[in-house]
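Heads up: the structure comes next, in structure tokens.
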């Protein structure tokens, strides 16, 4: 006589201990439902991250190592020394592309993080305060946002000079205005909730209320915004470097690589591969922003359900 | 007072205040320079008297508020100061007036931006409205995917791809847009083909997506559903019910993107060596020629603010709720 019950029992189903899915399981379920564009985006981002982290191991030559032949042709078929040739002073383009991943993405990531710390922090404070401080910060942000950010960045760079430090600071501050606006507008709705009031009455400090009560509830839009801001900052820095005002040589960087090799483009009729040299770093920039946008698009769709893409 | 007029005046006042603060920030740029920039501009061999005279010319011996008033007064009279370049340690001054540097280039930039806007705005509105109406169709999806991709491309990538394709492999258009004042209109247009095509591709993507989102948002409103449910024809729903409320978001989209165009012009001008104000600004930033940078920044910022103001005002003037107050 076996005790195994084969028949279905509704009481059992209801009475069973509810299995709580771990965060990992929930993530895997979401990932399985992700569309192909999001998968493409995530795989591309993973490859970029891997390249950036292990750049010294992957690159065949050093970042600023100079070889005797400038503008050497491509040699994809093996045997050649430089897969994508060399640049205008004889540096290996392939190695610089790999190091460029580290520098360009690293600086853009640092800038985005800084802008979220500044903008997000001030936005939360403004949302909780809702009085003179909120007014002051909001009006100040309005004025800053009235100037196009690339123009503002150009003006500030002419004053402070183009170093990596000032580049990160300037773009982070300019970009934090948008983070401030978003954080403030979503946090304002959360601040008036009863549980926030309860926490404050309990005597929790400003830092606790910000971090433990409000932040978890405004996370999804902020995460999506992080992706969008990152690609925006990344494009701005690339544009500035392309204009010769961003990351300075000898640091390998995609924007300035496009600028340095741009003259090769006129030889497309004779040697198509040579003309592709400046397009490689430009394409690397484009591919990463496309990938980030795809992932953000999916994330927005998933977290808001209704919200239409923009 | 009529509510429309009141709101418009209020918005105009706000615009003036914003312009004031922006000019204050741009003016403060020169005050943030390190103290010894006189030597940096004139060279280390400059005599102390020359440096002193230079500082005096910039008015650095006067208080900041007085300098600001003088600067604004001069700008309003069309005097943007003198460029830093061309000054020498010996005190010989070969510098040029900023206005002379900017005026011809500003015209060039406006020409490029104008052509682009003429092509891009109708195209983007057409694409945006048709995709919104044919939502989730194959047409909508393919246009959407294409624009999402172009949005992510940096301007210089689009520009170089176009150069490789249309100037190098199939030499249809010139890759250098070096226009000169003597050129005829058609020649100018031919030279500007690739820069304006690049800008159009970038702008259309942004504008089309924003138009589509605005229209979809609009079509989801209850009064549109009401009109459909009571049996109004499809064309009538769009023309009589949707369109009057759509002007405001469409105007915002256009102004926002024209403002974006003003910025995008900088990179594109550098790629195509187009003698416009964007390239002038980049050159001035490289050589740290502050008066030129200030003047360019002021022009860009003022254009940006005015365009956004214009969008706001169009939005107010066409708003049915304000036009027919109860």
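FYI, it's all coordinate maths here, none of it is from the lab. Note that the coordinates shown come from a computational prediction; the quantities given were computed from them, not determined experimentally. Virtual Cβ from ideal backbone geometry, glycine too; neighbours counted across all protein chains shown.
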> What average number of partner chain Cβ atoms lie no more than 10 Å from the Cβ of the residues making up A:159-165?
Replying inline: 3
> Dividing the convex hull volume of the Cα atoms of segment B:240-285 by its residue count, what figure in Å³ per residue is obtained?
Replying inline: 77 Å³
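Cβ neighbours within 10 Å, averaged per peptide: list B:194-204, B:255-265 in order, most packed at the top. Mind dumping the intermediate values first?
Numbers: B:194-204: 23.9, B:255-265: 21.8.
My ranking of the peptides, most packed first, is B:194-204, B:255-265.
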> Taking the Cα-to-Cβ direction at residue B:323 and at residue A:64 and moving 7 Å from each Cα, how far apart do the two end points lie in nm?
Replying inline: 6.4 nm
> So what is log10(I(q)/I(0)) for the protein assembly as shown at q = 0.07, 0.10, 0.11 1/Å, when the Debye sum runs over its Cα atoms only?
Replying inline: -0.54, -1.08, -1.29
> In degrees between 0 and 90, to the nearest 10, how far off the longest principal axis of chain B does helix B:64-76 point, with axes built from Cα atoms?
Replying inline: 60 degrees
> Which whole number gives the average, over all residues in B:48-55, of C-beta atoms from other chains lying within 10 Å of the residue C-beta?
Replying inline: 0
> Taking only DSSP H segments of four or more residues, each worth -39500 (n - 2.57), what value at 222 nm results for the protein assembly as shown once the sum is divided by all its residues, to the nearest 500 deg cm²/dmol?
Replying inline: -22000 deg cm²/dmol
>> Beyond 35 Å, how much of the Cα-Cα pair distribution for chain A remains, as a whole percent?
In response: 37 percent
>> Past the 19 angstrom mark, what percentage of all C-alpha to C-alpha distances in segment B:201-326 do you count?
In response: 62 percent
> Over the Cα atoms of segment A:160-207, what is the Rg over Rh ratio if Rh follows Kirkwood?
Replying inline: 1.27
> How many angstrom lie between the C-alpha centres of segment A:132-173 and segment A:210-267?
Replying inline: 16 Å
> If we count other beta carbons within 10 Å of each Cβ, what is the order of B:223, B:274, fewest first?
Replying inline: B:223, B:274
> Which whole number gives the average count of other chain Cβ atoms within 10 Å of the Cβ atoms across peptide B:157-166?
Replying inline: 5
> How large is the convex hull of the Cα atoms of chain B per residue, expressed in Å³ as a whole number?
Replying inline: 179 Å³
>> I'd like the per residue volume of the convex hull spanned by the Cα atoms of segment A:200-310, given in cubic angstrom.
In response: 145 Å³
>> Normalised radius of gyration for segment A:103-255, please: alpha carbon Rg relative to 2.2 N^0.38 Å, two decimal places.
In response: 1.16
> What list of whole percents do you get for P(r) of segment A:31-141, with Cα-Cα distances grouped in 10 Å bins up to the one holding the largest distance?
Replying inline: 13, 24, 22, 18, 13, 7, 2
>> I want to check the label-to-label distance for residue B:24 and residue B:170. Put each point 7 Å from Cα in the C-beta direction and report it in nm to one decimal.
In response: 5.5 nm
> Mind checking the angle between helix A:106-129 and chain A's longest principal axis? C-alpha axes, 0 to 90 degrees, to the nearest 10.
Replying inline: 30 degrees
> What do the square roots of 5 times the Cα gyration tensor eigenvalues come to for segment B:63-195, in whole Å, largest first, as semi-axes of the equivalent ellipsoid?
Replying inline: 42, 23, 15
> Expressed as a whole number of Å, what is the distance separating the alpha-carbon centroids of segment B:277-318 and segment B:235-250?
Replying inline: 32 Å
>> Mean-square fluctuation check for chain A, GNM, Cα pairs under 10 Å: which of A:248, A:88, A:269 is largest?
In response: A:269
